[in-house]
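Working notes, beginning with the structure itself.
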Amino acid sequence: MTRTYSHRVEILRGGARVGEIKSIEAPTIDVSATAAIKASMAGTFCYSPLLEPLQDELKIYLTINGVEYPMGVYLISNVRDEYEDGAHHISIEAYDRCYRVQQARTESVLHLSAGANYVETVKGLLTAAGIAMVVAAPTDNVLATDREDWQTGTDYLTIVNELLGEINYQELWFSADGYAMLQPINNPTAENVDHTYTAGEGASVLLPEMTAETDAYDKANVFVVICSNPDYPAPMVATAVNDSLLSPFSTVRRGRRITSVTRVNNIANQTELQAYAQRLMYESMMATETLTLRTAVLPGHGVNDVVAIIHPQAQGIYQEVGWSATLAPGQEMTHELRRSVIHV
């Protein structure tokens with residue numbers, strides 16, 4: 001079946017649509033789960049007097065076979081005017097709404113009170129940064145102590161991500177509709193697959209571009225995490241041990257303990273500290289293979305999606321740590337995947 005592609009770009013002001021801007025070259029979207037600002041967009045457009053680059057946002061839509069899908073909301077970071085044959089074009093670079101949170105900075109020492117709920121505290125910081133659309137998984141975790149950890153001038157994105165890390169949530173990212181996503185970290189499993197690619201299905205094509213790196217000789221199998229803070233009566237310590245018979249790096253298989261010690265400045269409680277240690281242990285058991293996959297341009301991809309691959313060249317459950325797509329007919333979408341299965 002032949003797919004038909006088109007796209008359009010809305011101009012948002014204060015979150016409301018005020019018009020559209022026409023593309024000269026189809027926008028390209030790049031997403032990286034490891035970047036502070038997760039998504040960026042670049043494209044060339046017809047000049048429009050309607051666009052106010054210092055205050056407006058651009059919302060991208062992709063239409064496939066007549067069905068429209070959002071592909072992100074972006075704040076303009078750079079505009080370059082281009083003139084050719086009497087035509088006025090503008091080249092735009094833009095970032096997702098993490099950019100707005102990063103631009104907001106503390107103007108004095110930020111004080112957070114003990115007993116404040118972590119997620120509600122983060123939502124308050126987002127509101128202060130101008131972010132009103134939030135999807136948040138609730139938590140009962142509260143700040144254990146009064147906090148004045150961040151100096152004047154610290155950007156809110158740094159503070160938000162540190163607080164989220166203390167309760168084992170993902171770093172802040174934004175959905176295709178522009179919602180701030182506050183979600184716990186989930187280990188990739190067959191039960192939480194977001195996308196499945198099968199050989200010969202649709203336009204998906206696997207490339208034989210897989211690399212594997214295994215630091216087997218000094219890979220730790222005991223993980224100690226220490227939270228030492230003068231506001232606590234005593235340091236908190238959590239330990240997780242890889243003693244799995246399935247893992248070649250375990251204390252059982254190697255016959256010795258190789259210890260890694262991590263220190264954190266703050267954590268919600270002992271339970272979250274133990275969860276942090278368990279996550280470090282779990283990640284140490286994961287293969288460090290990466291896979292590059294090309295498909296047709298597809299909507300519905302976010303940050304750290306879980307992808308199942310069923311193909312003669314590669315099979316398993318992967319985490320999508322990055323993707324890139326140009327929203328034009330005949331273009332491909334590139335996915336960078338990290339293998340997420342236990343070493344055996």
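Restricting the search to the range 299-315, which residues are touching a Ser or Thr at 6+ places or on another chain (Cβ under 9 Å) and either crowded, with 18+ Cβ neighbours inside 10 Å or within 30 Å of residue 61 (Cβ to Cβ) (or both)?
Result: 302, 303, 306, 307, 308, 309.
When residue 90 is tested against (1) more than 30 Å from residue 43 (Cβ to Cβ); (2) open to solvent by less than 30 Å² (accessible area, probe 1.4 Å), only condition (1) is not met.
Of all the criteria given as (1) over 30 Å from residue 139 (Cβ atoms); (2) open to solvent by 60 Å² or more (accessible area, probe 1.4 Å); (3) in contact (Cβ under 8 Å) with a residue 12 or more places away in the chain, the one not satisfied by residue 58 is (2). Scanning the range 248-306 for residues being within 30 Å of residue 5 (Cα to Cα), modelled with pLDDT under 90 and not aliphatic (A, V, I, L, M) gives a total of 4.
Specify the residue that is most open to solvent (accessible area, probe 1.4 Å); the eligible residues are those in the range 65-87 that are β-branched (Val, Ile, Thr) and free of Cβ contacts under 8 Å to residues at least 40 places away in the same chain. That would be 67. Do the conditions hold for residue 24, that is, is it in a strand (DSSP E or B), among the β-branched types (Val, Ile, Thr) and open to solvent by 20 Å² or more (accessible area, probe 1.4 Å)? The answer is yes for residue 24. Just checking, does the range 102-111 include any residue being farther than 30 Å from residue 59 by Cβ and surrounded by 14 or more Cβ atoms within 10 Å (Cβ to Cβ)? Yes, the range 102-111 contains at least one residue that is farther than 30 Å from residue 59 by Cβ and surrounded by 14 or more Cβ atoms within 10 Å (Cβ to Cβ).
In the set 21, 29, only one residue is in contact with a Gly (Cβ under 7 Å, 6 or more places away or on another chain) and within 30 Å of residue 83 (Cβ to Cβ); that residue is 29.
Hey, among the residues in the range 32-46 that are open to solvent by 20 Å² or more (accessible area, probe 1.4 Å) and assigned to a strand (DSSP E or B), which one's nearest to residue 102 (Cα to Cα)? Residue satisfying both the conditions and the ranking: 40.
Condition (residue is of a type in the set (Lys, Arg) and part of a strand (DSSP E or B)) applied to the range 90-111: is it met by at least one residue? Yes, the range 90-111 has at least one match.
Contact annotation: residue pairs with Cβ atoms under 8 Å, 6 or more positions apart or on different chains, pairing a residue in the range 92-120 that is under 30 Å from residue 324 (Cβ atoms) with a partner that is basic (Lys, Arg) and assigned to a loop (DSSP other than H, G, I, E, B), are 96/38; 98/38.
Of all residues in the range 318-344, those satisfying the criterion of being more than 18 Å from the chain's Cα centre (by Cα) and under 28 Å from residue 242 (Cβ atoms) are 341, 342, 343, 344.
Restricting attention to the range 140-162, the residues being over 24 Å from residue 34 (Cβ atoms) and open to solvent by less than 70 Å² (accessible area, probe 1.4 Å) number 7. For the criterion of being under 20 Å from residue 165 (Cβ atoms) and surrounded by 15 or more Cβ atoms within 10 Å (Cβ to Cβ), residue 224 passes.
Within the range 283-298, the set of residues being part of a loop (DSSP other than H, G, I, E, B) and either among the acidic types (Asp, Glu) or open to solvent by 50 Å² or more (accessible area, probe 1.4 Å) (or both) comprises just one member, 288.
Does residue 334 satisfy the condition of being under 29 Å from residue 3 (Cα atoms), in contact with a Phe, Trp or Tyr (Cβ under 7 Å, 6 or more places away or on another chain), open to solvent by 40 Å² or more (accessible area, probe 1.4 Å) and part of a strand (DSSP E or B)? Here the answer is yes, as residue 334 does meet what is asked.
The values are calculated or read from the model by the stated rules, or taken from the named source; none is laboratory data. Being a predicted model, the structure only gives us computed values, none of them experimental. Quick reminder, even Gly has a Cβ in these numbers, built from the backbone with ideal geometry, and neighbours come from all protein chains shown. Accessible surface areas use protein heavy atoms only, side chains included; no ligands, DNA or RNA. Shrake-Rupley method; radii C 1.70, N 1.55, O 1.52, S 1.80 Å.
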